[in-house]
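The values are calculated or read from the model by the stated rules, or taken from the named source; none is laboratory data. Fair warning: this is a prediction, and the values are worked out from it, not measured in the lab. Here the Cβ positions follow ideal geometry from the backbone for every residue, glycine too, while neighbour counts run over all protein chains shown. What goes into the accessible areas is simple: the full protein's heavy atoms, side chains included, and nothing from ligands, DNA or RNA. Shrake-Rupley method; radii C 1.70, N 1.55, O 1.52, S 1.80 Å.
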Amino acid sequence: MADALQLAPADETFTVAVSAKLTHADYTVGWICALPCELAAALAVLDERHEVLVNLPGDTNIYNYGRISGHNVVISSLPNGVYGTTEATAVAIRMLNAFRSITIPLMVGIGGGVPSSRNDIRLADLVVSVPTPDCPAVIQYDYGKTVESGTFERKGHLNKPCLQLLTAVANVRADGLSTKTKIPLIIENILSRSLGREYDYPTDKDILYEPDCEHVSELSKCRKCGPRKPITRPSRLVDLDTEYKPKSAALHRPPLMAHYGPIASANQVMKNGRIRDQIAKPLGILCFEMEAAGLMDNFPCLVIRGVSDYCDARKMKTFQNYAAVVAAAYTKHLLSKVPLQDQEQVQAAKDHFDAVGLGHRLMTIRNPHPNTCSWLFQHPVYEDWLDDSHFTRHHGFLWIKGKPGAGKSTLMKFIRKHFDSQSAVSQTSLISFFFNARGSDLEKSTVGMWRSLLSQLLNAMPSLQMSIDWSCLPAARQEWSLESLQRLFVTMVEQLGQQPLLCLIDALDESPEDDIRTMVGVFEEIGRLNSSGASRVRVLWSSRYYPHISIRYGNEIRLDETTGHSQDMKHYIDTELGAEENELLDDIKAQIFIKSRGIFLWIVLVINILRKEYDHGRIIAMQKKLKVLPEKLTDLFREIVLRDMDNLDEFLLCIQWVLYSLRPLDGTEFYTAMASGLDEEVLLARPSKSTSSVVVPRYVTSSSKGLAELNHQFSSQARVQFIHESVREFLMQDGSMQNVWSGFSALSPGSSHEQLKVCCIRFLAHVQSSIRTSLSFNEIVAEWPFATYAMSNMLAHAEEACRLGYPQITLLDKRVFTYWYGIRLQHGLCPTNFYPTTPNGRLLCCLACDDLPTLLSTQLSRTLSSNTREHFTLPLYCAMKHQSVGAIRVLLLPATEIPDLLIDDLCESFRRKPPTGSESFLSWFQRQGKKELGRHLLRCDERICRHGPTEILNLAAAHG
């Protein structure tokens, strides 16, 4: 379909070029071109030119920077003399890696037109890639296979241009049909101000020949076939009765026509009219070119081509310059129709997703034992799942199920590592999430899962952000709902098209069942896309045999019914207990395997128990001990605890630290934390760096009675963790430990957080009294690594203890508090521009910064004061600066009357423009137009007494 682009009044001017230097994150328009004339035309339409930025390491692209209609534009061209889809792909990938904020991708230049009876395409016309009901916007016409009949069948589907650009195209088309377009004036400005008349419409005639000669020749007369026959076409006349009067040099330019439809792309030049029509006619193709097919999947661009030839033997180059100018002018006008994006909103959404990550769970999972887990790749159910031709049967789903401790998470980690190493070859993007029932709220919820998956998807394929209409999504400080996250994920999957994606989700049983059912429903919607051929997404879940959720389509592997998994367990037993032939030992190995009932962890624990007898060659003793060991995993844990009743206080504190520490401790931190709670003298005799690698692991094992270990799979240092999550479940069972020893009643959350707070305070008191005051905090941490944890989390443990019923009468004595606050002040964790002068004011500010509402409320009620600055203004300033929502609610009592969105808006206003040094919050609320908050404060008698009567009367008058 063609649209006539009418002429507009001469009101469009180019701004004066201004030199500006921005950052990579500021550029949202990515513009790629192939030829020098296309690059020259692109630079000519910039409103401003920007300073060049330094390329990222390994980026060989050359970029030009500028602005059009408020959009920051980065332009790159293919290397001179190098064309085609492969090089275009490389340029686009490098651009996207460097400029991760690009949401408007463009491929602008020249192409070969396909004139027909339906489309009167002329030289210097425009062709814009737009999908039709029967055809995508860009077709790779050389990708497919030749079948027995000799016909060529195309395979695969390329991605479509991003919706934002297609919407802008619709607006440009509306301009051409109703009002008068500015494109001819843009062309005139380009030619008169920048490029000169060598880029103007050429004097050569626009002649279209019949496609009746198969011989390639640029001569109008073929030696074999004789003179070529031109096609008679009606002339296009310039309408001189318009508001725009072109200069005399432009009178010979024909009216501009834009055509919208599919564009064909391949790694070859089309120079044959007969083949051109043979390919184009069935699909309605309007143009042939050589780059777009390499871009669409990674860089879903709008392709804009000025017609420079007819893809026939007479492939003229005289129209290339002007065709490039026409394409660039159209692009400039198009960008004026694209709304400007709030980049802060986009970045805030990305940061919101990034806040989850993969969590600690993945790092806490043990690596598989050597020569295990690889059986999965030969399993027929797994192979069927990988078969593209079976999507209609399994919809891309595979569910691995097993008993607690069977090794599901270890297998999932193995699969993830395998696919991660193969992703570059298979070009399959990998995203994953490992639920963690004992982690943060986000680590054990489907909200956290969706946020993590979205973050990984955007990082793996930055081009996906171009498919998102960010303006329709939640604002920067608002919480994303579960439904909005799910819709966005499905939208991204739809945009992936045929790009393969693998999604691994481990431990579904560690999230609430209703949430998992909803999640499975969303993935079943994606499964229907898989079945229809619209996407290639494979989803691999793992869980125990509950939750009992059935899916209509999908494959399933049950570990305890799998021969390969059984062989792995037998292999582990042989490796740990020796492979030599011994009839009695072989019987012991067989009994271990039988009693395990498919639970790998049971085997690991039992072999550890039997190892002492094995090392001394006491095979009979091994057999006797094995007979009395319980088969149930939880009973085995109890047996381990009851093996001896020594050092139960130490065992209790160890379990408290592993269960309730706010982050996993490394070995040295754990050793110091234990010493702080047990015996201060141990602090002075802590192991040296040369011996800690031996002493600390032994101490972790002995103090936990073998239920905890140092995990060396963390990226920085080995961390203390339980040998398996089922240990945590056993210890958290109501009454399970009190039946062993009454002292284990202290394992309750409130009592444990109180004990860990005491450990932190004892440690800080010891450090304050025993080290040189001249040491900086970094020097203290170098000598006492636990200092970082104690300094950061002491109040957080007190908050949890207070929330759970343990009153915090005196948090810190004056001496320790002064030292502790001074360290916080050094590291910017306390306000410096509004410095509290009293110890209580400093404590309130710290509680507000750290968002500890229970402690803050308790401390406020205990220390009512008329000192408004110390007890209200400064804590509220700290709370809003650190976006501490809970603390804000406490300070703006009664909290229940303040909507969540109002507090979000308050924090955002504070971030943009906080109160000045002498300005009260009442005045700031008034200046910010927060009338609802102003009325709320006037209703809070307790807070009104802290402000002067004049200020209150002024505010009351302003707010009615």
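Observations, loosely collected:
- Scoring 487-493, 508-514, 759-765 by mean Cβ neighbours within 10 Å over their residues and listing the highest first yields 759-765, 487-493, 508-514.
- Measuring r between the beta carbons of SER421 and ARG728 and using R0 = 30 Å, the FRET efficiency lands at 0.45.
- In plain terms, the chain from ASP587 to ASP134 could stretch by 156.2 nm, reckoned as 0.36 nm per residue minus the Cα-Cα distance.
- Amide H contacts for ILE400 (H built 1.01 Å from N in the peptide plane; partners 5 or more residues away or on another chain; cut-off under 5 Å): TRP541, SER542, SER543, ILE557.
- Shown here are the Rg and Dmax of the Cα trace of segment 506-660, at 21.4, 64 Å.
- Along segment 848-856 the Karplus relation, 6.51 cos²θ - 1.76 cosθ + 1.60 evaluated at θ = phi - 60°, assigns HN-Hα couplings of 5, 4, 7, 6, 10, x, 5, 5, 4 Hz to successive residues, with x for each Gly and Pro.
- HN-Hα J in Hz across segment 611-617 - Karplus 6.51, -1.76, 1.60, θ = phi - 60°, x for Gly and Pro: 4, 4, 5, 5, 4, 9, x
- Above-threshold pairs, the threshold being 27 Å between Cα atoms, out of LYS444/LYS589; LYS229/LYS317; LYS417/LYS705; LYS315/LYS337; LYS589/LYS705; LYS413/LYS757: LYS444/LYS589; LYS417/LYS705; LYS315/LYS337; LYS413/LYS757
- Segments 53-60, 375-382 sorted - mean Cβ within 10 Å per residue, highest first: 375-382, 53-60
- A simple spin-label model places pseudo-atoms 7 Å from Cα toward Cβ; at SER742 and LYS21 they are separated by 7.4 nm.
- Karplus (6.51, -1.76, 1.60) ³J(HN,Hα), θ = phi - 60°, over segment 161-170, in Hz, Gly and Pro reported as x: x, 5, 4, 4, 6, 5, 5, 5, 4, 4
- Peptides 609-617, 580-588 ranked from most to least packed, by the mean per-residue count of other Cβ atoms within 10 Å: 609-617, 580-588.
- Under a 5 Å amide H cut-off, with hydrogens placed 1.01 Å from N, THR28 pairs with ASN72 among residues at least 5 apart or on other chains.
- Measuring r between the beta carbons of SER389 and THR232 and using R0 = 41 Å, the FRET efficiency lands at 0.20.
- Using the Cβ-Cβ distance between LEU804 and SER693 with R0 = 45 Å, the FRET efficiency computed as 1/(1 + (r/R0)^6) comes to roughly 0.75.
- Each label point was placed 7 Å from the Cα along the Cα-to-Cβ direction; for ASN459 and ARG927 their separation is 4.0 nm.
- For segment 543-612: accessible area per residue (Å², 1.4 Å): 49
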